[in-house]
Amino acid sequence: MRRRKVLGLLAAAPAIAASAQTGDWNKVVEAAKKEGKLLIYTASIGSVFHKKVINAFEAKYGIKVDLLEARASEVRERVRVEQAAGRFLGDLHHNGSTTTGLMQRDGNFQPRGEVPNTRNIEAPYEADAFKIPAEVISYCLMVNKNLVKPADEPKSWKDILDPKWAGKILSDDYRALGGGAVFFVVMQNAFGREFHEKLAAQKPSFSRDLQNSERRTARGEYPIYLPFNLQDLNNLKGLPIKAIVPAEGRPYVRFDISMLKNAPHPNAACLFMNHYLEPEQQLVFANAGYNPVIKGVIEKTIDEIRPLLATKAMGTTDPARQDEMLALAKEIYK
Amino acid sequence: MPTVTLSGVGRHFGALKAVDSVDLAIKHGEFVTLLGPSGCGKTTTLRMVAGLERNDTGSIAIGGRMVSDAASELFVPPDHRKLGMVFQSYAIWPHMTVFDNVAYPLSVRHVAKAEIKAKVTAALKLVEMEAYAERPAPALSGGQQQRVAIARALVFEPEVLLLDEPLSNLDARLRAQMGDEFRALQRRLKITTLYVTHDQEEAMALSDRVVVMDKGKALQVGAPEDVYRRPASRAVAAFFGTPNFIEAKVTACRANGTDHVLTIEGAGTEGDCRAGDAYRPGDAVLVMIRPEDVTLGAAGHLSWAGTVVDGVFRGPRRTLTVESTVGGQARRFTVECPATRAASVGDAVTLSVESDNAWALRS
Amino acid sequence: MLVLAFLTVYPMAMLLYGSLHSTPPGMAGEYNFDGYASLATAENLQALINTAALSLVKTVLSLALAILLAWIVARTDTPGRGVLEILITLPFFIPPILTATAWAMLGNAQVGTINLAWRWLTGTDGTLVDVYSYGGIVWHMMQYSTPFIFLFVVDAFRAMDPSLEESSRMSGATRWQTFWRITFGLMLPVTTSAFILSFIRGMESFESAVFFGTPVGIKVLTTQIFDMITQRAQPDYQGATAMGFATMALMFLLLVLQSRLLRGRSFTTVTGKAYAPSVTRLGGLRWVTFSICVLFFALAVALPVGQLILSSFFQFFGFYQLDMLTFEHYRSVWENREFWTAFGNTLLLGFLGATATMILGGIVAYITTRTAWHGRRLIDILAWLPWMMPGMVLGIGFLWGFATLPHEIPIYGTLWALLLAYVALGTPVAVRVTSGAYAQIARDIEECSRVHGANWWQTMGRILVALAWPAFAVGWVLIFFGIMRELSASILLYVPDTTVLSVVMLKLWNSGKPETVSVIGLVMLAMVLLFRWVQLRFIKRRISTL
Ligand SMILES: Nc1ncnc2c1ncn2[C@@H]1O[C@H](COP(=O)(O)OP(=O)(O)O)[C@@H](O)[C@H]1O
Ligand SMILES: [Mg+2]
């Protein structure tokens, strides 16, 4: 209760939050342990790495974490309805930056308070008074090694426009929210409409079931799948596939963690945010194929992943232009 | 005393008055039959007594206890009326054995197992079905099912037994046999019985009293012979067989015990006949003459000359159609006579009827 | 009655509000018809036509096939029909995503097993089948609707009084005329109910369309709704709910048609008179009917289920190399704590939910088919509502409805929320199954019980349910497995303590573990086999005493 008042003040004067002392942090840790529980709403369904990081948190602080997993829009609607009905159940909200941004606009969050580890965040990722960046999904290309000889592997995103790939590309749908839409926006920004018109002429097949698409490519239905979630490499170990980050870099999508309005366990929530940004935890994600959001982690990742992560962040979506871009995608890809 | 009293009982479906203000008092141990053409409201009446249908008007009492009263909205559900009932289709539960079927009225009332066994066995013995106790119910012939249905209706020793055309699904011979057996059983157990049938012979053979119904109304209530010989209306008379009706005028009337003797004339004859009510000279009446009461040849009280125009052989009897023309007006008579004492088509005959067998009705 | 209203009308009212209000419940906004107005696009019209056509085709085909199979199993002397009866219903109980995956592997145009075999056989490089097509969608949906309709009608076939058919044969009708005019005619309530249920389900089917249709640009209503809710920056709940209601209005017409068709007719086949279900001796033909069943079984069951069983032992779906043999997936399911929590919750919800639904459905069906009560038409319609609203929209209705209840009513965030939603979702099936069965039972069979001293409940239990119980059992199984599969509402209503199997399966699927999902699918299949086996043993016992 007290903490909530303090937070109110913090919201009014963010400058005070910035100058909080280490002594205060110990108090947060103590209060968090006293709260003893934490409920996280997440749109990252079934993520093993998320679980790993949570388990480490539970072991370290003795605070029990419950996860409520659902798809992005479902998580959002649950939060919205619950808050509208005066039910404040969840503490943290873990979702893609687009949805997080919209929810922030709708007033579903409260200021998160001081999180010491935000200091280490690496550009272009940044925290604000409500949320911290959590991990980054990077999109690249996936090829079937049996069907694509090393010499034929695309080196640039533009290589997929080569007529030899006509009808041979499986892709996440650009006309719907998700990886495909991210890819669409980033390519549009980088290469303009012309790129998409040429790609449309290649007649890519669309699907929305990422995991299944990856398997289909691995089985040889298609030689190329895009955009490929780098972290899915973990599920495909042993299959004849290869992830390629083209020269221009990788489109990405950031996941954010934000504090839900009237969170019942605000200190535990704050502590968890800090925990998430610890180098060891970020390394868990990095080794899994997510880009970390703090400095000095990529260097420590395992060999097979490091070269893929240490590539240029090419760009991400812009929530403000989301609908416009979806409409454009619908127009180009009939 | 298990009696059944209906007063002013009525039920309509939409605009149709299926049962229209029926009054009836059934005495203890009495066998009363509702008789009437199909669709006249018999089943509906029976179902109201059973509590399967609510009466819109009037009230019903069973054993002196009011079970249904439209005015006060009193309605005792069927399971609290302590009845036994035999359905037209028998309604034998196909998923039970004969024993279970018969035991059902007892077991739903939580009677002890041993007692159920004894009573069911007794009931099955009553209908001579004890050998079939363990048979699955559907594996029975129609007559056997009917017996099971009766056993089931009797096993609880109900105050009143209701039967809806129980014999209609049986062949003629079995029907007669089952009817007699049932009548004997009913007499023995002295169980108050309300019986529904559209078969006049069945009704007359079984009942103490018959209620003749038509279009939802009880036209006449009386002993079979009364209803047959002394019908209250043309409708009742016409329901039994194919009586001849002759229009006539009353010339004199005198009382004779409870009846009246009328002297009539018209339609080519004159003479005496009987009537229930007193008439004034000059009144128009309709004289009912049953075909079997007409004799050929001999001179009787009322007589007509005519010609046989049709004859149907019916084994022991023969049905003749005789046409008699008086004053340019042709009149057809149906006549039943012994098959051996018959005339052939085209023969000229004289028809005669005893005064006692001619019954006058208001025309 | 109140329960039913709460379960159906309340969430519907929330949705209606959603469709007429610019923002979902709990947000400032205004009332308008924008949601409905926005529906009138050429794309939606195309989607509607696609949906209706797909559903109609698959329903007609499934109905024909299901009736044929039901007749074979229930009324002929086809060898092995007892086992066949269980086997041909299996596809219904496999999570659709698994069969879709299996079929995608078998029938994709590029490297699908069937096409590879075809090319090898013919030496050409042609394509025999492509499941990413209208045909693929229909075929995949049929695997669900055929067993569904079959389960619906098979007991009606069994309960038929053969004298009704015999009298037709005696009147000079051929076997086929008898089947069509008498057998089929008498089963109209059951078959039309099954048809409508199945057709509506087809209109709302999502998995088949999204899996096989989306890649080739085939749009249906549910994918449009899914699009509006999940694929836009700002979910369009107004449009989605409006489309839900528009769909519902269309399906309503069907119901009106059905009641027109059935009005004023009697379909009593279970009477108090003697009958013994008879089987038609087919002679040599019985091997033909046997082959039909086996063929259906091979195509709809053996292929996909075989695929599932096979892949559950390999590291990856579709990669059958010896060095990839593993028990890993079984072990991971066994050791997955969340799976066991969810399994426990789901079993509990399944048992309670299916039982409660059948009780509610049995009562509702009784009121609508057996009483003259004035409100019976209304309840009948109420009981249809949850079926006519696409699942993903209805799920939102439950979320809105339960979350906005006063906090003193402990439903939201508890198992109750899920239970109530499941009961509402299952009620239409329960009502259809039981009313179909009731319609076959002559009324005097029931009245006879009342007159002989049984109260309403005794009559219900010992006569109606006892006679209709095969239908009750089928309904129970359908609902039980419906609950096991339900995702749209579950994911919006569960909380970590009350997680259920479908949510766990979604998680596993999304984290790229289709093999583990197959293992769970197989566990569910094993349960179906057990349930059906027990159930049919009871039915058989009853038949053998007749
Ligand atoms: N449930 C009902 N709804 C409407 N009409 C009915 C109903 N039951 C009976 N009737 C009508 O009431 C009249 C009397 O029927 P019923 O009592 O069955 O005649 P019956 O004398 O042949 O047994 C008939 O015209 C019948 O059509
Ligand atoms: Mg009748």
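Points worth noting:
Conditions (1) buried (at least 24 other Cβ atoms within 10 Å of the Cβ); (2) within 14 Å of chain A (Cβ to nearest Cβ); (3) at pLDDT 85 or above, marked per residue:
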{"position": "C:475", "(1), (2), (3)": "yes, no, yes"}
{"position": "C:479", "(1), (2), (3)": "yes, no, yes"}
{"position": "C:487", "(1), (2), (3)": "no, yes, no"}
{"position": "C:504", "(1), (2), (3)": "yes, yes, yes"}
{"position": "C:510", "(1), (2), (3)": "no, yes, no"}
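- On the stretch given as the stretch C:422-455, residues that are at the interface with chain B (Cβ under 10 Å from one of its Cβ atoms) and either open to solvent by less than 20 Å² (accessible area, probe 1.4 Å) or without any contact (Cβ under 8 Å) to a residue 40 or more places away in the chain (or both) total 13.
- Look at the stretch C:502-527: where a residue is aromatic (Phe, Trp, Tyr) and in a helix (DSSP H, G or I) and a partner is modelled with pLDDT of 80 or more and crowded, with 22+ Cβ neighbours inside 10 Å, sitting 6+ places away or on another chain with Cβ atoms under 6 Å, you get C:509/C:517.
- Some residue of the stretch B:5-25 being assigned by TED's automatic domain parsing to the domain that holds residue B:130, open to solvent by less than 10 Å² (accessible area, probe 1.4 Å) and away from ligand 1 (no atom under 16 Å from the Cβ): no
- Among (1) surrounded by fewer than 24 Cβ atoms within 10 Å (Cβ to Cβ); (2) more than 19 Å from residue B:149 (Cα to Cα); (3) more than 16 Å from ligand 2 (Cβ to nearest atom) - the single one residue B:95 does not satisfy: (2)
- Reported count of residues in the stretch C:88-115, each being more than 14 Å from chain A (Cβ to nearest Cβ) and either at positive phi or crowded, with 22+ Cβ neighbours inside 10 Å (or both), is 6.
- Taken over the stretch A:180-209, residues that are more than 19 Å from residue C:131 (Cβ to Cβ), of a type outside the set (S, T, N, Q) and open to solvent by 10 Å² or more (accessible area, probe 1.4 Å) amount to 9.
- In the stretch A:231-269, residue nearest to the other protein chains (Cβ to nearest Cβ) [restricted to those that are open to solvent by 30 Å² or more (accessible area, probe 1.4 Å) and not in a loop (DSSP other than H, G, I, E, B)]: A:235
- Residues in the stretch C:61-90 that are of a type in the set (Ser, Thr, Tyr) and either touching a Lys or Arg at 6+ places or on another chain (Cβ under 6 Å) or farther than 11 Å from residue C:290 by Cα (or both): C:62, C:78, C:89.
- Selection status of residue B:222, outside the structural domain of residue B:19 (by TED's automatic domain parsing) and not charged (D, E, K, R): no
- Test: residue in the stretch B:138-154 that is more than 14 Å from chain C (Cβ to nearest Cβ), surrounded by fewer than 23 Cβ atoms within 10 Å (Cβ to Cβ) and touching a helix residue (DSSP H, G or I) at 6+ places or on another chain (Cβ under 9 Å): no
- The single condition among (1) within 23 Å of the chain's Cα centre (by Cα); (2) away from every other protein chain (no Cβ under 14 Å); (3) away from ligand 2 (no atom under 16 Å from the Cβ) that residue B:118 does not meet is (1).
- Number of the condition not met by residue B:204 [criteria: (1) assigned to a helix (DSSP H, G or I); (2) in contact with a helix residue (DSSP H, G or I) (Cβ under 6 Å, 6 or more places away or on another chain); (3) within 16 Å of ligand 2 (Cβ to nearest atom)]: (3)
- One residue stands out in the stretch A:23-74 among those that are of a type in the set (D, E, K, R) and within 26 Å of residue C:400 (Cβ to Cβ): the one that is surrounded by the most Cβ atoms within 10 Å (Cβ to Cβ), namely A:69.
- Hey, residue A:150 open to solvent by 40 Å² or more (accessible area, probe 1.4 Å) and more than 11 Å from chain C (Cβ to nearest Cβ) or not: yes
- Failed condition for residue C:40, given (1) out of contact with any helix residue (DSSP H, G or I) (no Cβ under 8 Å at 6 or more places or on another chain); (2) modelled with pLDDT of 80 or more; (3) more than 14 Å from chain A (Cβ to nearest Cβ): (2)
- Selected residue (criterion: farthest from residue A:57 (Cα to Cα)) from residues of the stretch A:281-327 that are within 13 Å of another protein chain (Cβ to nearest Cβ) and hydrophobic (A, V, I, L, M, F, W, C): A:327
- Looking only at residues in the stretch B:43-66 that are open to solvent by 10 Å² or more (accessible area, probe 1.4 Å) and within 16 Å of ligand 2 (Cβ to nearest atom), the one that is farthest from the other protein chains (Cβ to nearest Cβ) is B:44.
- Of all residues in the stretch B:184-201, those satisfying the criterion of being more than 16 Å from ligand 1 (Cβ to nearest atom) and open to solvent by 20 Å² or more (accessible area, probe 1.4 Å) are B:184, B:187, B:188, B:189, B:190, B:201.
Here is a yes/no grid of residues against (1) within 16 Å of ligand 2 (Cβ to nearest atom); (2) open to solvent by 40 Å² or more (accessible area, probe 1.4 Å); (3) within 14 Å of chain C (Cβ to nearest Cβ); (4) in a strand (DSSP E or B):
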residue: B:228; (1), (2), (3), (4): no, yes, no, no
residue: B:242; (1), (2), (3), (4): no, yes, no, no
residue: B:251; (1), (2), (3), (4): no, yes, no, yes
residue: B:265; (1), (2), (3), (4): no, yes, no, yes
residue: B:271; (1), (2), (3), (4): no, no, no, yes
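- Matching residues in the stretch A:309-327 - criterion: being polar (S, T, N, Q) and under 16 Å from the mean Cα position of the chain (by Cα): A:316, A:317
- Exclusive hit being open to solvent by less than 10 Å² (accessible area, probe 1.4 Å), farther than 30 Å from residue C:505 by Cα and modelled with pLDDT under 80, set C:75, C:81: C:75
- Matching residues in the stretch B:171-201 - criterion: being hydrophobic (A, V, I, L, M, F, W, C) and part of a helix (DSSP H, G or I): B:172, B:174, B:176, B:178, B:182, B:184, B:185, B:189
- The single condition from (1) within 20 Å of residue C:514 (Cα to Cα); (2) under 17 Å from the mean Cα position of the chain (by Cα) that residue C:113 fails is (2).
- Filter result (at the interface with another protein chain (Cβ under 8 Å from one of its Cβ atoms) and either of a type in the set (D, E, K, R) or under 28 Å from the mean Cα position of the chain (by Cα) (or both)) within the stretch C:456-470: C:462, C:463, C:466, C:467
- Test set (1) surrounded by fewer than 16 Cβ atoms within 10 Å (Cβ to Cβ); (2) among the small types (Gly, Ala, Ser); (3) in contact (Cβ under 8 Å) with a residue 60 or more places away in the chain; (4) away from ligand 2 (no atom under 16 Å from the Cβ) - residue B:168 fails condition number: (4)
The values are calculated or read from the model by the stated rules, or taken from the named source; none is laboratory data. Note that this is a predicted model, so its numbers are computed, not measured. Cβ sites come from the backbone with ideal geometry, for glycine too, and all protein chains shown count toward neighbours. For the accessible areas, the whole protein counts, side chains as well, though only heavy atoms, and no ligand, DNA or RNA atoms are used. Shrake-Rupley method; radii C 1.70, N 1.55, O 1.52, S 1.80 Å.
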